[in-house]
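The values are calculated or read from the model by the stated rules, or taken from the named source; none is laboratory data. Predicted, not measured: the structure shown is a model, and the values here were computed from it. FYI the Cβ positions are ideal-geometry reconstructions off the backbone, even for glycines, and counts take in every protein chain you see. With ligands, DNA and RNA removed, areas are computed over all heavy atoms of the protein, side chains included. Shrake-Rupley method; radii C 1.70, N 1.55, O 1.52, S 1.80 Å.
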Amino acid sequence: MTSRVSKNVLVNFLGRGWGALLSIAFTPLYIKFLGMEAYGLIGVFITLQALLGILDMGLGTAANREMAVLSASEGNLPKIRNFVRTLEWIYWGVAICIAIAVALSAYPIAHLWIKSQTLQPHEITAAIILMGVVLAVQWPTGLYGGALMGLQQQTSLNVLTALFSTVRSVGAVLILWKVSSSVISFFVWNAFVIIIQTLVIAWHLWSQIRQTDHKPIFEKKLLYETRKFAVEMSGITLMAVAFTQLDKVVLSRVLTLQSFGYYYAASVAAGSLYILIGPIFSAIFPKFSQLVSQKEREQIRSLYDQAGQLMAVTILPLMMILIFFSYDLLLIWTHNKLTAENGVVVLGLLAMGNALNGLMNVPYALQLATGDAKPVLKINACLIAISTPAVILLSNRWGGVGAAIAWVGYTLTFLIINTFIINKQFPYLDNRSWIWNGLIKPIAIAFVVVALGHLIRQLVDSPNQWANFLIIILTAITAISATVFSSPAANRYIKGYR
């Protein structure tokens, strides 16, 4: 991979990894100070955040791609500034609408939808209104962050994001510990920090596209030029959000808030895979966009092969760790036996589904880089039509386990179908190498190594959690090392630094 892409992958790993470390470290403290029901409200907040992603209308991804394409040529700075200002008006307008809509929905959600045993409806209503404020002020970062990624300013974006994530997490725990252990205090603090974060990231973006002799203006024509891609991305976002959050929407109604908290904890643990998936996608998508616009087929082929192998050797060993050691990891993480018992199966299934979804991120990035998202849109439409009834049925029948089974089915089907489509859409790609080196071989190696590690864990059977954790860490290191050294692309990359 190019030095710029490699650097962006690394800084994205560090940025996402730090955010994940904060989430993992502070989740047990949130549960301790707030209780499982209030922690379940944080799960409701994350679900609302994802559902409102529909309102992005594909503009965030369009901004990323457009900034990457425009920045590849000189003389486009005035157009870049007008493009950002145009989307800025839209994003802040949507932010205001979000705050109003969530506030109006707070009462019915608190009284008619959420099942709580200890929290009072008025407390839940106030928390949901504050969720709307947090969501509203955070909303424009989708534009500013996407634009900075398109400009290849991923290092500075990750530094800022990591800084504010630290302030937000540490400050929240201190407030819950020393000031008030109510969920209201938690959301008030988050709203305060996110307001500052959004303004700082906006300032940083504009400092990167500064031009003293040009005043940016709202230009409707720029929206017209990107309308096709934005509309298609809006459809993909709608369907992706519908399915990835449908389980939580249904379960928040079917389960008690406490049981939903158990499911959400397992979901957070399984979502740790996206810490590895997201950085790779964020780094390769702008580069693919530039290469496609310049019709550099050989470079596209090379980047596709290397990125596919990198994705596989990164996430598949950790998927196996989450599957085989799900109970131990949940127990060590939350120090709560009930959470581990209720989340053990769900964590394994969600980890499998998330990893399968991650494997498709490299082909997905290339497909979106063409500016034609129609193939992906068609696949998602068909699968959503089939999978939605399955999610509702299985969730009502088997709760969280049923919802997780539906997610695995969806991602596996998408992987199989899109593999055939990508082969026809880009015949010059080496798909045999991707299937063998980026799928079959790393899965087999990771399975064997982690299965042996799990067998050792069973034979040792130590009551000491830290001894078990050491076995898990050593197994993970061995599995990752084995898959890395089995990858031709990873070996070439390592040899380049010798």
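Search the range 107-161 for residues being not in a helix (DSSP H, G or I) and not hydrophobic (A, V, I, L, M, F, W, C), and hand back the single one that is most open to solvent (accessible area, probe 1.4 Å).
Residues of the range 107-161 that are not in a helix (DSSP H, G or I), as a first pass: 114-120, 139-140, 151-153.
From the residues that got through so far, the ones that are not hydrophobic (A, V, I, L, M, F, W, C) too are 115-118, 120, 140, 152-153.
Details: Lys115: 90, Ser116: 42, Gln117: 137, Thr118: 99, Gln120: 97, Pro140: 0, Gln152: 24, Gln153: 59 Å².
Only one residue fits best here, namely Gln117.
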Checking Thr388 against (1) surrounded by fewer than 18 Cβ atoms within 10 Å (Cβ to Cβ); (2) modelled with pLDDT of 85 or more; (3) of a type in the set (Val, Ile, Thr), the condition it does not meet: (2)
Some residue of the range 420-433 being assigned to a helix (DSSP H, G or I), open to solvent by less than 30 Å² (accessible area, probe 1.4 Å) and aliphatic (A, V, I, L, M): yes
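So which of Ile471, Ile443, Ile477 ends up being out of contact with any Asp or Glu (no Cβ under 7 Å at 6 or more places or on another chain), open to solvent by less than 50 Å² (accessible area, probe 1.4 Å) and modelled with pLDDT of 90 or more? Can you show your working first?
Details: Ile443 fails: open to solvent by less than 50 Å² (accessible area, probe 1.4 Å); Ile477 fails: open to solvent by less than 50 Å² (accessible area, probe 1.4 Å).
Testing whether each residue is out of contact with any Asp or Glu (no Cβ under 7 Å at 6 or more places or on another chain), open to solvent by less than 50 Å² (accessible area, probe 1.4 Å) and modelled with pLDDT of 90 or more leaves just Ile471.
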Failed criterion for Thr413 (all others in (1) open to solvent by 30 Å² or more (accessible area, probe 1.4 Å); (2) free of Cβ contacts under 8 Å to residues at least 12 places away in the same chain; (3) under 30 Å from Ser259 (Cβ atoms); (4) part of a helix (DSSP H, G or I) hold): (2)
Residue tally, condition at pLDDT 75 or above, surrounded by 14 or more Cβ atoms within 10 Å (Cβ to Cβ) and in a loop (DSSP other than H, G, I, E, B), over the range 208-256: 5
Positions within the range 312-359 being surrounded by fewer than 23 Cβ atoms within 10 Å (Cβ to Cβ) and outside any helix (DSSP H, G or I), in sequence order: His335, Asn336
